2 protein chains.
Amino acid sequence: MKPSVGIRDVAHHAGVSNATVSNVLNRPDVVAPATRQRVLAAIEELGFVRNESARQLRAGRSRVIAYVVLDAANPFFTDVARGVEDAARDAGLALFLCNSASDDGREREYLELLHEQRVEGILITPVDGESAQFAERGTPVVLVDRESPDGTHCSVAVDDVLGGELAVTHLIETGHTRIAMVGGPLSIQQVRDRHEGALRALTNAGLPRDALTVLETKSLQVAEGRGAGERLVGLPASRRPTAAFCANDLLALGLLQSMTQQGLKVPDDLAVVGYDDIEFAAAAAVPLTSVRQPREQLGRTAASLLLSENEPDHEHRHVKFQPELVVRASSAVKR
Amino acid sequence: MKPSVGIRDVAHHAGVSNATVSNVLNRPDVVAPATRQRVLAAIEELGFVRNESARQLRAGRSRVIAYVVLDAANPFFTDVARGVEDAARDAGLALFLCNSASDDGREREYLELLHEQRVEGILITPVDGESAQFAERGTPVVLVDRESPDGTHCSVAVDDVLGGELAVTHLIETGHTRIAMVGGPLSIQQVRDRHEGALRALTNAGLPRDALTVLETKSLQVAEGRGAGERLVGLPASRRPTAAFCANDLLALGLLQSMTQQGLKVPDDLAVVGYDDIEFAAAAAVPLTSVRQPREQLGRTAASLLLSENEPDHEHRHVKFQPELVVRASSAVKR
DNA sequence: CCTCGATGTTGAAACGTTTTAACCGCCGAG
DNA sequence: CTCGGCGGTTAAAACGTTTCAACATCGAGG
């Protein structure tokens with residue numbers, strides 16, 4: 001706004017050259033204390049704010065990384081983001097969060113913008129598995145919570161197949177033989193993997209594949225969980241599952257709400273297992289059994305991979321963590 | 001990275017001048033279809049990515065606004081952010097989220113960076129009330145969920161004093177005379193206001209001020225709520241409050257957890273009222289009575305205020321919404 | 001045949017920094 | 001005296017765009 005004061009205004013006002021002002025800003029030690037003071041005073045007086053665009057244009061650097069998150073309202077991702085931010089701060093970088101809200105249009109727009117901004121690097125939990133839309137465009141990209149389909153990027157993930165297997169195996173071991181899988185859309189890789197894990201658990205236990213009823217949802221949010229609950233109760237009693245494995249905790253919480261609302265008891269009428277073990281899972285109406293992922297570590301690792309990306313002899317790495325089942329009341333053994 | 005292809009490389013490759021390439025990018029209609037195709041092909045072929053820094057340096061525009069949020073892990077703020085983003089998108093702007101994590105150092109760093117980046121505008125829910133650190137620096141700033149202390153900025157807020165009053169009045173009406181207020185740090189304006197509202201409720205009801213026991217917390221997160229729960233139960237029975245008003249839902253959820261963990265019943269042993277009415281409040285172990293705020297509307301309004309900021313005859317406006325009490329099981333009348 | 005307007009295209013000047021190489025005193029060593 | 005070196009300072013050249021005035025080209029109207 002205002003008249004927009006630049007480095008040369010400051011220089012003029014302090015009676016030095018613009019190079020000196022630049023030095024005060026970037027290498028304070030190289031300029032004589034007296035002049036430095038004078039320049040700082042001028043900066044203060046004129047209310048000078050350094051223009052990052054110009055700086056970046058010249059220097060090529062940007063001091064910023066970005067994390068394009070799948071759903072900013074999902075505590076899982078904000079926990080991952082915390083890990084990212086910690087690592088970024090340690091490296092002297094700022095973090096911008098962008099929310100694709102599971103919309104691949106938005107995702108594309110943000111990616112485009114971030115490339116154009118020449119950020120130091122991009123972390124992304126992508127909406128869609130397929131997309132080779134992360135084609136090399138000069139800015140390093142690291143995939144978070146998703147394995148790189150073709151190995152063209154670093155990635156940090158958690159073994160979702162194993163997670164699904166753990167969850168459903170647990171349900172089987174507690175005596176359930178008709179199980180629902182709640183989650184979607186299936187275009188999301190994590191959902192597909194967890195589903196695959198669930199099927200594997202059935203196989204391991206010698207149960208038929210149709211022991212698993214899939215209730216696909218439009219998104220991974222609480223409201224969809226409630227909807228799934230209604231659909232579930234609407235099923236004929238003979239075919240109704242006695243347990244549900246939800247692709248994430250938001251769905252599970254919604255499902256829980258829907259059950260109590262319809263007068264059904266968890267875990268007696270329906271056992272429920274969630275995924276992510278977000279903080280609210282333990283505080284739920286019925287404390288939620290869930291598959292825990294190392295959220296912050298995921299973020300920190302992703303960030304450090306990103307930082308290693310412009311080392312001279314960089315090779316893409318793919319880190320995979322193991323999930324862990326946390327048993328709580330929502331899947332307590334039937335009495 | 002790579003050799004970094006610029007607009008002039010594209011121009012050369014397509015056999016036109018750089019001005020023409022720029023035109024293709026910014027005013028496609030003004031250039032002849034044939035050349036346009038040729039240029040687009042060259043862009044594609046060379047993998048050209050427009051350099052936003054240079055563009056912005058020259059044009060002055062930036063197509064981005066930012067929201068510096070107090071705690072990205074608090075669903076209240078992510079809901080506000082959703083509102084902001086909706087409005088921003090409608091105006092063709094992208095939104096960058098920055099998390100100050102209640103740390104005024106971080107907050108300052110982000111503000112500095114955003115000013116230097118010359119973003120179109122900044123929304124902020126500040127950590128600290130005092131700070132005149134938002135001094136005019138050329139970029140419009142709008143305060144979110146906080147009234148501008150000196151009217152030098154637009155602001156969008158909710159009447160927190162009224163909210164506190166509603167909550168505590170409700171507790172008094174349901175028969176409580178010893179009430180705890182859980183929240184902090186008191187440096188946060190919202191906490192102070194809600195506390196003031198609580199006191200007002202006491203006064204209205206003719207109760208002494210010491211009917212309210214203040215349990216100050218270090219932050220507004222779940223873990224602190226659990227801690228407060230332990231402190232609460234540690235009080236001598238004669239002085240122990242029979243109800244608690246928490247400065248936000250995260251604290252309330254933590255408190256709830258702590259109660260059941262210690263074998264106490266909500267609301268029988270302790271009635272609990274939260275604040276914000278986040279989605280998880282209704283799904284809690286005991287569905288939480290809470291003070292609801294128009295979260296997304298808050299965000300949308302803030303964004304539109306920000307956009308109006310560079311209209312010629314702009315005057316700072318201060319919008320204030322009314323909160324609303326939502327009664328659920330956690331404060332059900334004693335039987 | 002000349003002029004004019006319309007339609008495309010272009011050269012060059014910004015934009016506000018950082019950076020490099022050069023410059024200027026000045027002092028101490030030779 | 002001269003010379004080399006050193007602490008400070010600076011002029012000027014980038015960086016990759018956008019924009020503006022000017023310039024071709026061409027067909028139509030006079």
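A short reminder: the numbers here are calculations on the coordinates, not readings from a lab. Keep in mind that what you see is a predicted model, and the values were worked out from it rather than measured. We place every Cβ from the backbone using ideal geometry, glycine too, and count neighbours over all the protein chains shown.
A few comments on the model shown:
- Semi-axes of the equivalent ellipsoid for segment B:207-319, computed as √(5λ) from the eigenvalues of its C-alpha gyration tensor and ordered from largest down, come to 36, 16, 12 Å.
- Full-stretch length increase - B:THR203, B:VAL327 - with 0.36 nm per residue and alpha-carbon distance subtracted: 42.4 nm
- The eigenvalues of the Cα gyration tensor, multiplied by 5 and square-rooted, give chain A an equivalent ellipsoid with semi-axes of 51, 20, 16 Å from largest to smallest.
- For segment A:249-319, the set of trypsin sites (Lys or Arg not before Pro) satisfying both a DSSP loop assignment and a count of at most 11 other C-beta atoms within 10 Å is given as A:LYS265.
- Under 26 Å between alpha carbons - lysine pairs in the protein assembly as shown that sit 8 or more apart or on different chains: 7
- Cα gyration tensor category, rounded, prolate or oblate, for segment A:149-277 with a/c compared to 1.5: oblate
- Once the Cα atoms are used to define both axes, helix B:75-90 deviates from the longest principal axis of chain B by about 30 degrees.
- Relative contact order %, segment B:42-177, counting alpha carbon pairs below 8 Å whose residues are six or more apart: 21
- 10 Å Cβ neighbours from other chains, averaged over peptide B:84-97: 3
- Each copy carries a label point for A:GLU196 at 7 Å from Cα along the beta-carbon vector; from one copy to the others these points are 5.8 nm apart, nearest first.
- Computed over chain B: relative contact order in percent, which uses C-alpha pairs under 8 Å that are six or more apart: 17
- Legend: mean number of C-beta atoms from other chains within 10 angstrom of residue C-beta atoms, peptide B:47-59, equals 6.
- Calculated P(r) of segment A:85-233 - Cα pairs past 19 Å, %: 62
- Calculated label separations, B:ASP210, copies of the chain, 7 Å along the beta-carbon direction, nm: 7.3
- Prolate/oblate/rounded call for segment A:62-107, Cα gyration tensor, a/c under 1.5 rounded: oblate
- Take the Cβ atoms of B:ASP86 and A:ALA135, set R0 to 35 Å, and the FRET efficiency comes out at 0.75.
- The protein assembly as shown: proportion of alpha-carbon pairs further apart than 42 angstrom, %: 33
- In nm, spacing of pseudo-spin labels at A:LEU40 and A:ASP210 (7 Å Cα→C-beta vector): 7.9
- Rounded to the nearest 20, the size of the Cβ-charge dipole of the protein assembly as shown about its Cα centre is 240 debye, with Lys and Arg at +1 and Asp and Glu at -1.
- Cα-based helix-to-principal-axis angle, B:295-308 vs chain B, degrees rounded to 10: 40
- When the charge dipole of the protein assembly as shown is built from unit charges on Cβ atoms (+1 for Lys and Arg, -1 for Asp and Glu) and taken about the Cα centre, the candidate among B:ALA19, A:LEU235, B:ALA87 whose Cα reaches farthest toward its positive end is A:LEU235.
- Cα-based convex hull, segment B:11-156, per residue volume (Å³, whole number): 138
- The angle between the Cα long axis of helix A:104-117 and the main principal axis of chain A comes to about 20°, on a 0 to 90 degree scale.
- Förster-model FRET efficiency, 51 Å R0, A:ARG178 and B:ARG317, C-beta, rounded to 0.05: 0.30
- Computed from the C-beta positions of B:LYS265 and A:SER308, the FRET efficiency with R₀ = 41 Å rounds to 0.20.
- Mean sequence separation of contacting Cα pairs (under 8 Å, at least six apart), scaled by the length of segment B:154-294, corresponds to a relative contact order of 24 percent.
- Using a 7 Å projection from Cα along Cα-to-Cβ, the label point at B:PRO28 is separated from the same position in the remaining copies by 4.9 nm, smallest value first.
- Three-way shape call for segment A:1-58 based on the alpha-carbon gyration tensor, with the a/c threshold at 1.5: oblate
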